[in-house]
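To keep things clear, I will list the structure first and then write my remarks on it.
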Amino acid sequence: MPRTQRAPLPDGYRLQQLAPDDLRDVLTLDAWAFPTGKDVEALAAEPSPLSWDRAVGVVADADDPDAVPSDGAVPVRSELVGMHASYPFARFPVPGGTTPVSGLTWVGVHPAHRRRGILTAMIDEHFRRSLVRHEAVSALFAAEAPIYGRFGYGKAADDLRVTIPRGAALRDVPGASEHTVRIETSDFERHAEVVEDLHERAGADVGGSGLNRPGWVGRETPELRRYFWADTPLRRDGREPERIVIVERDGEPRGYTTFRRKLDWELQGPRGHVSGGEVVALDAAAARALWDVLLDLDLTDDVHPFMIPTDDVVAGWLVDRRKATPTLFDNLWVRILDVPTALAARQYATDVDVVLGVHDARLPGNAGSWRLRARAFAGGAEVVRTDEPADITLDVRELGAAYLGGETLVAMAAAGLVTGHRPGALARASAAFAWPVAPCSSWVF
C-alpha cells in the first residue's frame with residue numbers, strides 16, 4: 001500500500017465522522033459551498049444519496065458566549081465548516097474489466113473558512129481511507145475543473161452535450177421499426193430493475209462489440225438508486241414529471257431513456273423543450289427506436305440529452321451534425337492511488353512491455369519506476385517496481401488521464417506533459433493504454 005502524505009488541519013479544526021443526524025448541517029454547509037435557492041428543510045425531505053459511513057466532516061470548535069458554563073468548563077460551540085464523502089463503487093468499469101473505486105463527492109468548505117488548508121487535509125484523508133479499503137483508484141466529477149489537478153487527478157473522460165432540433169434527419173438503421181415502444185411515468189418500483197439491468201449490460205458489451213465502456217459506473221448502493229429515481233417538484237424546475245421510454249423486441253426490453261418536457265407559450269404558439277436523461281440501448285436498432293421517440297414528441301422544438309459519450313451512435317447518425325451544436329465537456333476525473341494495483345486491474349489494447357517513471361507528490365509510495373507487461377485484450381497484467389531506466393516519465397495526473405483509455409500518452413507528450421526516452425516506446429505504450437470505446441459516465445456523482 002502506498003505511503004500517504006497527510007496535511008494537518010489548522011488549529012481549532014478537527015475531523016468528525018458524519019451520521020444521518022447531521023443531514024441538516026450537511027445541507028446547510030452544501031448551500032454555502034454551492035449556492036442554491038432551494039430551502040434546506042425541503043432538501044432534507046428528499047432522499048439522500050450519501051453512504052454515511054464514508055462521509056467525513058471538518059468541525060470548527062469555538063467558545064460559545066451564549067451558553068451557560070457548567071462545572072467551570074468553558075462551553076464550546078461546534079460548527080460544520082467542511083466535508084467530503086465518497087461512494088463505494090465495487091464494480092467500476094475500467095478497460096476490459098472492473099475494479100473497486102472510491103467516488104469522491106460532496107466536497108465543500110464554508111466560504112468563511114477557505115484558504116486555510118482544509119481542502120488539502122480532506123483530500124489526504126480521502127486518499128488514506130480509500131487505500132485502507134483497498135480502493136486503488138479515486139474518481140470524481142469536478143464542479144471546478146482547476147482544483148483537482150494539483151491533487152493528482154487527471155481528466156480521463158469527456159462527454160458530448162447537444163441540442164438536437166425536433167425531426168432532425170438521422171441515417172437509417174435496419175431493425176429499428178421492429179421494436180415496440182412503451183412511454184410511461186417513471187416509477188422506482190416498476191422500472192428500476194429493468195433500467196439498471198439494461199444500463200449494466202449496455203456498458204459491458206457496447207453495441208455487441210464485446211468491449212466495455214470504461215467509466216460506465218452503475219448506481220451500486222440503495223441510497224444512490226433511491227436518489228436517482230426521486231421525482232419531486234423540487235427536482236422538476238417547472239418541467240413535467242419524469243417520463244420513461246422503454247423499447248422492446250419480441251417482448252424483451254432492449255433500451256430505455258428518460259425525459260421531461262417544458263412548454264413556453266409564445267405569441268406564435270407553444271415552444272417545447274425536451275430535457276433528456278440517459279439514452280441506453282443494447283444495439284443500434286434499439287437506440288434508433290429510442291431517438292425516433294425523443295425527436296418526434298408533439299409541441300416540442302428541440303431535445304437536450306444531458307450528456308452522451310463522445311462516440312455515441314446518434315453523433316454518427318445526424319445528417320447535419322452542425323445543427324446539433326455539439327459541445328465537449330469534461331466528464332470523469334481519475335486519481336491513481338495505488339499504481340501497481342490500478343494498472344493490473346485493466347486490460348490493454350496491444351501487447352505492452354514498458355517501464356513507467358511516475359512522479360507523485362502526495363503519495364510517495366507511487367513514485368519511481370514500474371515495469372508494465374501485458375498481452376493485448378487479456379487479463380493478468382504484471383506490474384512490478386524496477387531499477388531499470390524509465391522508457392516514459394509522467395506525473396500521476398497524466399497516468400490518471402490515460403487510465404480509462406480516453407486520453408492518449410502521445411497527445412499529452414505533444415503538450416509537454418509526458419516524456420518518452422526510448423525510440424518507439426511512447427507510441428507503443430500510447431496504443432496499449434488507448435481503448436476502442438470512449439470512456440464516459442452516464443450520470444453525475
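Hey, can you tell me all the residues within the stretch 142-165 that are touching a helix residue (DSSP H, G or I) at 6+ places or on another chain (Cβ under 9 Å), among the charged types (D, E, K, R) and surrounded by fewer than 18 Cβ atoms within 10 Å (Cβ to Cβ)?
R150, the sole residue that qualifies.
Residues L328, L297: which one is more than 26 Å from the chain's Cα centre (by Cα), outside any helix (DSSP H, G or I), under 23 Å from V274 (Cα atoms) and modelled with pLDDT of 95 or more? Can you show your working first?
Working: L328 fails: more than 26 Å from the chain's Cα centre (by Cα).
Matching residue, one of L328, L297: L297.
Identify all residues within the stretch 404-424 that are in contact with a helix residue (DSSP H, G or I) (Cβ under 6 Å, 6 or more places away or on another chain) and either assigned to a helix (DSSP H, G or I) or at pLDDT below 95 (or both); write none if there are none.
L409, V410, M412, A413, listed by residue number.
Here's a check for you: in the stretch 360-398, which residue that is β-branched (V, I, T) and under 22 Å from Y148 (Cβ atoms) is least open to solvent (accessible area, probe 1.4 Å)?
The initial filter retains those residues of the stretch 360-398 that are β-branched (V, I, T), namely 383-384, 386, 392-393, 396.
Filter again for under 22 Å from Y148 (Cβ atoms), leaving 393, 396.
Values: T393: 34, V396: 2 Å².
Residue satisfying both the conditions and the ranking: V396.
Suppose we filter the stretch 99-131 for residues that are open to solvent by 50 Å² or more (accessible area, probe 1.4 Å), free of Cβ contacts under 8 Å to residues at least 60 places away in the same chain and assigned to a helix (DSSP H, G or I); how many remain?
Of the residues in that region, 1 qualify.
Quick check on V339: is it in contact with a strand residue (DSSP E or B) (Cβ under 8 Å, 6 or more places away or on another chain), open to solvent by less than 10 Å² (accessible area, probe 1.4 Å) and either of a type in the set (A, V, I, L, M) or more than 23 Å from S442 (Cα to Cα) (or both)?
On the way: in contact with a strand residue (DSSP E or B) (Cβ under 8 Å, 6 or more places away or on another chain): yes; open to solvent by less than 10 Å² (accessible area, probe 1.4 Å): yes; either of a type in the set (A, V, I, L, M) or more than 23 Å from S442 (Cα to Cα) (or both): yes.
So V339 passes the test.
Please work out which residue is farthest from the chain's Cα centre (by Cα), limiting yourself to the stretch 175-199 and to residues that are crowded, with 16+ Cβ neighbours inside 10 Å and assigned to a helix (DSSP H, G or I). Lay out the reasoning, then the answer.
Residues of the stretch 175-199 that are crowded, with 16+ Cβ neighbours inside 10 Å, as a first pass: 176, 179, 186, 191-192, 195, 198-199.
Keeping just the survivors that are assigned to a helix (DSSP H, G or I) gives 176, 191-192, 195, 198-199.
Numbers: A176: 30, H191: 23, A192: 20, V195: 18, L198: 19, H199: 15 Å.
Out of the qualifying residues, it is A176.
I want to confirm something. Restricting to the stretch 216-239 and keeping residues that are among the basic types (K, R) and crowded, with 17+ Cβ neighbours inside 10 Å, which single residue is nearest to E200 (Cα to Cα)? Walk me through how you get there before you give the answer.
As a first pass, look at the stretch 216-239 and keep what is among the basic types (K, R): 219, 225-226, 235-236, 239.
Within this subset, residues satisfying the condition of being crowded, with 17+ Cβ neighbours inside 10 Å are 219, 225.
On the way: R219: 10, R225: 14 Å.
Going through the qualifying residues, I end up with R219.
To keep it simple, each residue is scored yes or no on (1) more than 20 Å from the chain's Cα centre (by Cα); (2) surrounded by fewer than 19 Cβ atoms within 10 Å (Cβ to Cβ); (3) at pLDDT 95 or above; (4) not in a strand (DSSP E or B).
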{"site": "M1", "(1), (2), (3), (4)": "yes, yes, no, yes"}
{"site": "Q5", "(1), (2), (3), (4)": "yes, yes, no, yes"}
{"site": "L23", "(1), (2), (3), (4)": "yes, yes, yes, yes"}
{"site": "P49", "(1), (2), (3), (4)": "no, no, yes, yes"}
{"site": "G57", "(1), (2), (3), (4)": "yes, no, yes, no"}
{"site": "A60", "(1), (2), (3), (4)": "yes, no, yes, no"}
{"site": "P65", "(1), (2), (3), (4)": "yes, yes, no, yes"}
{"site": "R77", "(1), (2), (3), (4)": "yes, yes, no, no"}
{"site": "P93", "(1), (2), (3), (4)": "no, no, yes, no"}
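With in a helix (DSSP H, G or I) and under 26 Å from the mean Cα position of the chain (by Cα) as the only criterion, which of A378, A401, A361, A427 stands out?
Numbers: A378 fails: in a helix (DSSP H, G or I); A361 fails: in a helix (DSSP H, G or I); A427 fails: under 26 Å from the mean Cα position of the chain (by Cα).
So the residue among A378, A401, A361, A427 that is in a helix (DSSP H, G or I) and under 26 Å from the mean Cα position of the chain (by Cα) is A401.
Looking at this structure, is A139 among the small types (G, A, S), buried (at least 17 other Cβ atoms within 10 Å of the Cβ) and touching an Asp or Glu at 6+ places or on another chain (Cβ under 8 Å)?
Working: among the small types (G, A, S): yes; buried (at least 17 other Cβ atoms within 10 Å of the Cβ): yes; touching an Asp or Glu at 6+ places or on another chain (Cβ under 8 Å): no.
Against the criterion (among the small types (G, A, S), buried (at least 17 other Cβ atoms within 10 Å of the Cβ) and touching an Asp or Glu at 6+ places or on another chain (Cβ under 8 Å)), A139 does not qualify.
Can you say whether G215 is modelled with pLDDT of 95 or more, under 25 Å from A284 (Cβ atoms), assigned to a loop (DSSP other than H, G, I, E, B) and of a type outside the set (D, E, K, R), as far as the supplied structure shows? Explain how you work it out, then say what you get.
Numbers: modelled with pLDDT of 95 or more: yes; under 25 Å from A284 (Cβ atoms): yes; assigned to a loop (DSSP other than H, G, I, E, B): yes; of a type outside the set (D, E, K, R): yes.
Yes.
The values are calculated or read from the model by the stated rules, or taken from the named source; none is laboratory data. No experiment lies behind these values; they were computed from the predicted model shown. Every residue, glycine as well, gets a Cβ built from its backbone with ideal geometry; the counts of neighbours run over all protein chains shown. Accessible surface is based on the protein model in full, side chains and every heavy atom, while ligands, DNA and RNA are left aside. Shrake-Rupley method; radii C 1.70, N 1.55, O 1.52, S 1.80 Å.
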